[in-house]
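Contents: one structure, followed by commentary.
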Amino acid sequence: MRILVLSCMILLGSVLTSYAQLSTEEIAIVQSIFGMEKRAIITKTIKMTPTDSVGFWPLYEKYEADRKDLGKERINLIQTFVSKYPALSNEELDELMEDALELDADQHDLMETYYSKFKKASSPMVAAQWLQLESYINLSIKLSIQEKLPFLGDVKIKSKK
């Protein structure tokens with residue numbers, strides 16, 4: 001299963017960090033394919049009773065819709081960084097970092113909100129397994145993307161004249 005997860009992460013990371021601009025349609029296609037793979041991973045990994053499943057999957061679809069919105073924002077942020085690389089001003093760099101921190105906080109808040117909802121709709125065990133798996137997937141994606149982006153020390157900051 002780890003190989004499947006890592007394969008998905010590498011594919012997604014490669015697409016997200018390509019220097020070409022992705023259209024809204026291309027982003028939707030990538031997210032759709034990735035969403036199908038995630039659902040298969042969750043189905044295989046989280047052991048649910050039929051009752052748990054009835055409560056879990058409708059909420060999961062809502063979570064995924066909300067997560068995809070944040071994902072689009074993250075893709076746009078990465079594309080902005082890549083398109084301005086290597087000539088970022090201090091102000092542009094600061095704005096990008098503030099936006100990245102806000103997206104991380106929004107992702108955390110989203111997961112916290114849905115953990116509570118999954119716990120009530122299915123069981124604490126199912127919610128905990130989902131949280132563990134979702135955290136693993138999110139960290140794998142972030143690592144894959146970070147590995148492909150230039151280190152900020154290598155970015156020449158253009159001074160404001």
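The values are calculated or read from the model by the stated rules, or taken from the named source; none is laboratory data. These numbers were taken from a predicted model, which means no experiment stands behind them. Here the Cβ is made from the backbone with ideal geometry for all residues, glycine too, and neighbour counts use every protein chain on show.
Cβ separations smaller than 6 Å between residues 6+ apart or across chains give the following pairs from region 56-68 residues that are in contact (Cβ under 8 Å) with a residue 24 or more places away in the chain to residues that are assigned to a helix (DSSP H, G or I) and among the basic types (Lys, Arg): LEU59/LYS117. Take the conditions (1) over 13 Å from ASN138 (Cβ atoms); (2) touching a helix residue (DSSP H, G or I) at 6+ places or on another chain (Cβ under 8 Å); (3) of a type outside the set (Lys, Arg); (4) surrounded by fewer than 17 Cβ atoms within 10 Å (Cβ to Cβ); GLY55 misses just one of them, which is (4). The residues listed here are ILE75, ILE137; of these, the one that is assigned to a helix (DSSP H, G or I), within 12 Å of the chain's Cα centre (by Cα) and in contact (Cβ under 8 Å) with a residue 60 or more places away in the chain is ILE137. So which of MET125, MET48 ends up being outside any helix (DSSP H, G or I) and at pLDDT 90 or above? Going through MET125, MET48 in turn, the sole match is MET48.
Does PRO86 satisfy the condition of being at pLDDT below 90, of a type outside the set (Ser, Thr, Tyr) and either more than 24 Å from LYS142 (Cβ to Cβ) or outside any helix (DSSP H, G or I) (or both)? Yes: the conditions hold for PRO86. When TRP130 is tested against (1) touching a strand residue (DSSP E or B) at 6+ places or on another chain (Cβ under 9 Å); (2) modelled with pLDDT of 85 or more, only condition (1) is not met. The set of residues in region 108-157 that are small (Gly, Ala, Ser) and either surrounded by fewer than 15 Cβ atoms within 10 Å (Cβ to Cβ) or over 30 Å from TYR85 (Cα atoms) (or both) comprises SER116, ALA121, SER122, SER123, ALA127, ALA128, SER135, GLY153. Residues considered: LYS158, LYS142, LYS119, LYS148. Of these, the only one that is among the basic types (Lys, Arg) and at pLDDT 95 or above is LYS119.
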